[in-house]
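The structure appears below as structure tokens.
Only the coordinates and a few stated rules stand behind these numbers; no lab work does. Because the structure is a prediction, the values reported are computed rather than measured. Methodologically, a virtual Cβ is constructed for each residue, glycine included, from the backbone with ideal geometry; neighbour enumeration extends over all protein chains shown.
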């Protein structure tokens with residue numbers, strides 16, 4: 001395995017002599033084998049360990065184990081403890097996504113502070129297969145079918161050639177010690193479901209699954225290189241000073257151009273459902289609009305025009321009972337609960353004053369925002385709320401939210417958050433009225 005490790009690094013030019021490496025070590029067998037291989041090769045390395053505080057005592061035991069290992073190898077080590085569950089809740093993301101964001105943000109910070117040139121992670125061939133199957137299951141373009149790259153930015157994955165079985169064999173042969181992550185046995189995560197149930201079935205159908213996958217991945221990468229060039233040329237030919245102009249006639253079968261048009265728009269953040277609507281609107285009248293990531297696609301006669309949209313950066317902080325006149329007029333009062341009459345007017349918000357954290361923040365909504373709509377159980381993404389309530393493009397562009405801490409308290413002019421409603425125990429009411 002050592003020789004294959006060296007060969008893979010050389011083949012993909014992952015590490016140079018001058019590189020100093022920050023190695024992500026969780027304490028599991030994959031990262032322990034990665035560390036052992038790098039250390040055996042004499043690379044300049046340091047250890048980064050994340051305690052995500054998700055498994056109580058087990059997480060703390062892993063941290064102690066990695067600290068002890070770093071000391072025995074005389075390596076610098078950096079440890080950070082995260083409140084991952086709280087971060088996930090505040091951001092409205094999954095626990096796994098929260099851990100990923102926290103890990104890489106911190107690793108990049110360490111690289112900047114201590115001049116590490118690359119972050120090394122222990123993803124291997126089984127991880128790669130799981131990733132491709134996950135991407136395929138959830139819906140992906142051709143990029144998702146090639147899985148993780150050996151190098152992406154400053155992150156490198158020198159174990160992508162090795163299977164989990166090969167890694168375990170190497171660890172046993174070299175008498176390495178590691179910690180088992182109990183969460184890897186749970187099926188509540190989609191990746192674990194694929195690992196425990198799907199891949200064993202595929203291996204029973206094709207015992208040479210790993211070799212077949214490696215060959216297929218290479219063929220897809222070859223196709224991807226052709227696809228990337230075609231898409232780049234398509235955008236170059238469509239470019240003008242203010243953006244891109246596309247002429248796509250779906251009434252006349254042109255699958256090549258339609259495919260390029262779809263793929264180009266996906267890169268700009270348009271969803272699959274939007275793409276279907278766009279193609280169905282090919283013969284619509286001028287003025288039809290769709291929004292992607294900081295860009296707008298507009299139907300103009302026989303053309304589709306794609307232009308950048310400036311990101312709205314304006315945010316306003318509101319102190320206690322502070323009325324405003326910009327970006328719109330809003331009158332604010334703080335009253336006793338006894339002096340309040342309930343209002344169904346969506347331009348009026350009645351909020352429990354003692355539950356608010358000042359200053360409040362007034363800002364435009366953004367992707368990923370969620371709240372707990374008044375009168376409903378559970379949380380809902382704003383994007384889903386907009387769909388359910390048939391918001392037009394203009395409606396969504398003009399939505400403002402009122403935020404307390406990291407919580408949305410009011411989708412302004414529409415609905416408050418159920419957590420901040422007034423009740424019998426409410427003493428003071430924050431009354432906001434959009435004029």
Task: Degrees, to the nearest 10: 164-173 long Cα axis against longest axis of the chain - done: 50 degrees
Task: Peptide ranges 173-185, 369-381 listed from the most packed, as the mean C-beta count within 10 angstrom indicates - done: 369-381, 173-185
Open item on the list: So I have [x] 175; [y] 163; [z] 203, and one of them is volume of the Cα convex hull per residue in Å³ calculated from this model. Which one is it?
Closed with: [z]
TODO: Working from Cα positions, state the angle (0 to 90°, nearest 10) between the long axis of helix 209-238 and the longest principal axis of the chain.
DONE: 50 degrees
Task: Span from the segment 187-262 Cα centroid across to the segment 322-375 one, whole angstrom - done: 45 Å
Open item on the list: Could you tell me the relative contact order of the chain? Use alpha-carbon pairs under 8 Å, at least six residues apart, and round to a whole percent.
Closed with: 12 percent
Open item on the list: Can you say what percent of the DSSP beta bridges in the chain, counting only those with both residues inside, are antiparallel? Round to 5.
Closed with: 75 percent
Task: segment 287-375, relative contact order [Cα under 8 Å, separation at least 6], % - done: 24 percent
TODO: Starting with the fewest neighbours, write out 60, 352 ranked by other beta-carbon atoms found within 10 Å of each beta-carbon.
DONE: 60, 352
Open item on the list: Tell me the angle of helix 2-11 to the major Cα principal axis of the chain, expressed in degrees between 0 and 90 and rounded to the nearest ten.
Closed with: 60 degrees
Open item on the list: Only bridges whose two residues both fall in segment 2-205 count here: according to DSSP, what percent of them are antiparallel, nearest 5?
Closed with: 10 percent
Open item on the list: Order these by the 10 Å Cβ neighbour count, fewest first: 217, 115.
Closed with: 115, 217
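Defining a contact as two alpha carbons under 8 Å apart and six or more residues distant in sequence, what relative contact order in percent does segment 315-434 show?
Rounded, it is 40 percent for segment 315-434.
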Task: Residue-averaged 222 nm ellipticity for the chain, from DSSP H runs of 4+ at -39500 (n - 2.57), nearest 500 - done: -12000 deg cm²/dmol
- [ ] Would you mind ranking 330, 266 so that the residue whose beta carbon has the fewest other beta carbons within 10 Å leads the list?
- [x] 266, 330
